[in-house]
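S.K.: Attaching a single structure in structure tokens format; questions to follow.
The values are calculated or read from the model by the stated rules, or taken from the named source; none is laboratory data. Note that the structure is predicted; figures quoted are calculated from it, not measured. Every residue, glycine among them, receives a Cβ derived from its backbone with ideal geometry; neighbour counts consider all protein chains shown.
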Amino acid sequence: MKWVRSLPFVQSASLHGGDLVISYPFDYSRHPLEERMFSPTPDEQVFKQLARTYADAHATMSNNDTERCGASFYRTRGIINGALWYSFAGMSDFNYLHTNCLEITVELGCDKFPSEAELYPEWKRNKEALLSFLESVHRGIKGIVKDGNGNGIKDATISIRGVRKDVTTGIHNYLPLSCSRPRLPFPLRQSVFHSYSYLAAMPQE
């Protein structure tokens with residue numbers, strides 16, 4: 001936890017066994033007594049895009065005819081909000097709430113302990129999905145946050161209007177921000193003594 005809080009990671013994936021699906025935060029239900037309750041983050045659309053990127057590039061994950069492990073993801077084609085599947089407090093929620101990192105959980109299949117002979121076929125099924133997920137880190141806004149004198153600003157807070165989740169610049173004053181909105185008016189602020197406003201335009205996909 002100290003490691004992920006000390007570096008400005010943008011996104012990550014946790015590889016699990018148990019089913020064949022991508023789950024994304026929140027994984028813990030908004031209501032503690034509800035085991036299956038849709039619990040979106042303020043970045044719901046971004047998380048769905050990341051999950052869709054992996055699932056669609058996987059050899060079989062988004063195919064509704066794929067044999068799974070008992071759960072049904074017919075309507076969502078291989079992705080699901082974690083808390084809607086089952087409520088569980090894990091690293092994905094921690095990363096979202098306490099860092100800049102957007103983490104999805106990749107459930108690779110029913111077999112938690114595949115044999116050696118299954119490892120290469122499993123790699124082939126996931127290769128393009130992993131590469132697509134890595135490439136998706138370049139979406140959104142990124143750059144260096146500087147003050148009026150050209151000096152980098154560490155721990156500058158970046159807010160996006162309409163999104164109730166801020167991110168901060170890291171040790172190298174770098175701004176990592178995954179987003180998919182077409183127009184993003186946002187203020188940059190380090191403290192009450194420094195305030196900068198910019199308007200960013202994102203290309204439509």
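S.K.: Which of (1) over 16 Å from LEU15 (Cβ atoms); (2) part of a strand (DSSP E or B); (3) of a type in the set (S, T, N, Q) does THR105 not meet, given it meets every other one?
M.R.: (1)
S.K.: Take the conditions touching a Gly at 6+ places or on another chain (Cβ under 7 Å), closer than 25 Å to ALA89 by Cα and among the basic types (Lys, Arg) and apply them to LYS112. Does it pass?
M.R.: Criteria met by LYS112.
S.K.: Between ARG30, ARG5, which is assigned to a loop (DSSP other than H, G, I, E, B) and among the charged types (D, E, K, R)?
M.R.: Details: ARG5 fails: assigned to a loop (DSSP other than H, G, I, E, B).
Of ARG30, ARG5, the one residue that is assigned to a loop (DSSP other than H, G, I, E, B) and among the charged types (D, E, K, R) is ARG30.
S.K.: While we're looking at this one, here's another question. Is there a residue in the stretch 20-27 that is hydroxyl-bearing (Ser, Thr, Tyr), assigned to a strand (DSSP E or B) and surrounded by fewer than 16 Cβ atoms within 10 Å (Cβ to Cβ)?
M.R.: Filtering the stretch 20-27 down to residues hydroxyl-bearing (Ser, Thr, Tyr) leaves 23-24.
Imposing the further condition that a residue be assigned to a strand (DSSP E or B) reduces the set to 23-24.
Imposing the further condition that a residue be surrounded by fewer than 16 Cβ atoms within 10 Å (Cβ to Cβ) reduces the set to none.
There is no residue in the stretch 20-27 that is hydroxyl-bearing (Ser, Thr, Tyr), assigned to a strand (DSSP E or B) and surrounded by fewer than 16 Cβ atoms within 10 Å (Cβ to Cβ).
Per-residue answers, yes or no, for (1) touching a Leu at 6+ places or on another chain (Cβ under 7 Å); (2) more than 28 Å from VAL167 (Cβ to Cβ); (3) in a strand (DSSP E or B):
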site	(1), (2), (3)
GLY18	no, yes, no
PRO40	no, no, no
PHE47	yes, no, no
GLY70	no, yes, no
LEU84	no, no, no
TYR96	yes, no, no
ASN100	no, no, no
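S.K.: Another one. If you go through the stretch 88-106, how many residues are touching a Pro at 6+ places or on another chain (Cβ under 8 Å), under 21 Å from HIS58 (Cβ atoms) and polar (S, T, N, Q)?
M.R.: 1
S.K.: Right, another one. Evaluate the stretch 112-123: report whether one residue or more is under 18 Å from the mean Cα position of the chain (by Cα) and either under 27 Å from TRP3 (Cβ atoms) or crowded, with 19+ Cβ neighbours inside 10 Å (or both). Don't jump to the end; show me each part of the working.
M.R.: Narrowing the stretch 112-123 to residues under 18 Å from the mean Cα position of the chain (by Cα): none.
No: zero hits.
S.K.: Another question about this same structure. Within the stretch 33-84, which residues are of a type in the set (Phe, Trp, Tyr) and either under 14 Å from PHE133 (Cβ atoms) or buried (at least 20 other Cβ atoms within 10 Å of the Cβ) (or both)?
M.R.: In the first step, residues of the stretch 33-84 are kept if they are of a type in the set (Phe, Trp, Tyr); the result is 38, 47, 54, 73-74.
Residues satisfying the conditions are PHE47, TYR54, PHE73.
S.K.: Further question on the same structure: Taking the residues in the stretch 128-147 that are part of a helix (DSSP H, G or I) and loosely packed, with under 14 Cβ neighbours inside 10 Å as candidates, determine which candidate is modelled with the highest pLDDT.
M.R.: LEU131
S.K.: Kindly evaluate ALA55 against the criterion of being in contact with a Gly (Cβ under 6 Å, 6 or more places away or on another chain) and either without any contact (Cβ under 8 Å) to a residue 12 or more places away in the chain or in a helix (DSSP H, G or I) (or both). Step through it out loud before you land on a result.
M.R.: Values: in contact with a Gly (Cβ under 6 Å, 6 or more places away or on another chain): yes; either without any contact (Cβ under 8 Å) to a residue 12 or more places away in the chain or in a helix (DSSP H, G or I) (or both): yes.
Against the criterion (in contact with a Gly (Cβ under 6 Å, 6 or more places away or on another chain) and either without any contact (Cβ under 8 Å) to a residue 12 or more places away in the chain or in a helix (DSSP H, G or I) (or both)), ALA55 qualifies.
S.K.: Ok, one more. Quick test of your reading of the structure: ASP93 fulfils all but one of (1) surrounded by fewer than 19 Cβ atoms within 10 Å (Cβ to Cβ); (2) under 23 Å from PHE9 (Cα atoms). Name the failing condition by number.
M.R.: Every listed condition holds for ASP93 apart from (1).
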